Amino acid sequence: MDDPSILLEDDAIKIIINPYGKDRDQFGNGFQALMEFLKNGQISDTYTESLKEEITEVKESEEWRRRYMKLFIRDRENIELGKEIGEKIGKEIGKEIGKEIGELSVGIRMLKRNEEIANEEVAEILGCDTAVIQKMRDLIQAHPDWEAEQIASELVEAEFESIDC
């Protein structure tokens with residue numbers, strides 16, 4: 001029975017057959033023969049006999065083994081390539097975030113040292129939007145015991161896509 005609510009999330013279409021099912025009588029003899037073949041390899045008609053021959057041929061075929069091994073090797077290479085690409089992207093994103101935290105930390109230190117400095121002045125020095133500077137002030141007030149880097153990290157984590165700096 002088809003159950004579309006079961007998602008395997010691998011973009012593959014799978015047919016799962018339970019040869020031990022109880023409702024086989026509603027299907028024809030050919031289906032029942034196929035289920036017996038899947039269960040125990042029992043050949044009971046020309047179709048299951050041809051299946052057995054095909055399976056034997058595939059198992060004994062050097063060509064099929066070569067194809068399978070090529071696919072297996074290619075899959076492993078693609079997995080490794082994916083890991084390398086992911087690592088490279090992760091490092092680039094990490095550097096970008098680190099640079100952003102460093103730049104924001106400068107502004108946070110300025111605001112901590114001189115509470116009278118205007119948001120516009122800090123924004124001009126850092127090249128940030130004044131709304132970002134105000135968020136810095138809000139975080140400094142909310143967390144006076146935090147270091148500049150902690151506040152910058154919090155700001156980046158909360159606003160990374162929208163920080164205009």
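Output the number of the condition that residue 142 fails; it satisfies all remaining conditions of (1) loosely packed, with under 11 Cβ neighbours inside 10 Å; (2) touching a Leu at 6+ places or on another chain (Cβ under 6 Å); (3) of a type outside the set (Asp, Glu).
Answer for residue 142: the failing condition is (2).
Take residue 50 and tell me if it is closer than 18 Å to residue 138 by Cα and modelled with pLDDT of 95 or more.
Details: closer than 18 Å to residue 138 by Cα: no; modelled with pLDDT of 95 or more: yes.
For residue 50, the condition - closer than 18 Å to residue 138 by Cα and modelled with pLDDT of 95 or more - is not met.
Keeping to segment 110-136, report how many residues are charged (D, E, K, R) and closer than 15 Å to residue 154 by Cβ. Before you say what the answer is, go through the steps one by one.
Let us first name the residues in segment 110-136 that are charged (D, E, K, R), namely 112-113, 115-116, 120-121, 124, 129, 135.
Now narrow it down to the ones that are closer than 15 Å to residue 154 by Cβ: 112, 135.
Total meeting the criteria: 2.
(1) of a type in the set (A, V, I, L, M); (2) more than 30 Å from residue 31 (Cβ to Cβ); (3) assigned by TED's automatic domain parsing to the domain that holds residue 39: which one isn't true of residue 104, the others all being true?
Single failed check for residue 104: (3).
Give me a count of the residues in segment 1-30 that are of a type in the set (Gly, Ala, Ser) and at pLDDT 80 or above.
Residues of segment 1-30 that are of a type in the set (Gly, Ala, Ser), as a first pass: 5, 12, 21, 28, 30.
Retained after the next criterion (residues that are at pLDDT 80 or above): 28, 30.
Matching residues across segment 1-30 total 2.
Applying the selection to segment 10-53, what residues are assigned to a helix (DSSP H, G or I), among the charged types (D, E, K, R) and surrounded by 10 or more Cβ atoms within 10 Å (Cβ to Cβ)? First the steps, then the outcome.
Of all residues in segment 10-53, those assigned to a helix (DSSP H, G or I) come to 24-26, 29-40, 46-53.
From what is left, the residues that are among the charged types (D, E, K, R) are 24-25, 36, 39, 49, 52-53.
Correct list: 24, 36, 39, 49, 52, 53.
Give 154, 121, 147 a once-over and let me know the one that is surrounded by fewer than 17 Cβ atoms within 10 Å (Cβ to Cβ) and either among the aliphatic types (A, V, I, L, M) or closer than 22 Å to residue 94 by Cα (or both). Explain how you work it out, then say what you get.
Numbers: 154 fails: surrounded by fewer than 17 Cβ atoms within 10 Å (Cβ to Cβ); 121 fails: either among the aliphatic types (A, V, I, L, M) or closer than 22 Å to residue 94 by Cα (or both).
On inspection, the qualifying residue turns out to be 147.
Taking only segment 142-165 into account, find how many residues are farther than 14 Å from residue 103 by Cβ, in a helix (DSSP H, G or I) and modelled with pLDDT of 95 or more.
First, the residues of segment 142-165 that are farther than 14 Å from residue 103 by Cβ: 142-147, 150, 154, 157-158, 161-162.
Retained after the next criterion (residues that are in a helix (DSSP H, G or I)): 142, 150, 154, 157-158, 161-162.
Now drop any that are not modelled with pLDDT of 95 or more, which leaves 142, 150.
Number satisfying all stated conditions: 2.
Do the conditions hold for residue 127, that is, is it surrounded by fewer than 13 Cβ atoms within 10 Å (Cβ to Cβ) and in contact (Cβ under 8 Å) with a residue 24 or more places away in the chain?
Numbers: surrounded by fewer than 13 Cβ atoms within 10 Å (Cβ to Cβ): yes; in contact (Cβ under 8 Å) with a residue 24 or more places away in the chain: yes.
Taking the combined requirement at face value, the residue satisfies it.
The values are calculated or read from the model by the stated rules, or taken from the named source; none is laboratory data. These numbers were taken from a predicted model, which means no experiment stands behind them. All Cβ positions, even for glycine, are placed from backbone atoms using ideal geometry, and neighbour counts span all protein chains on display.
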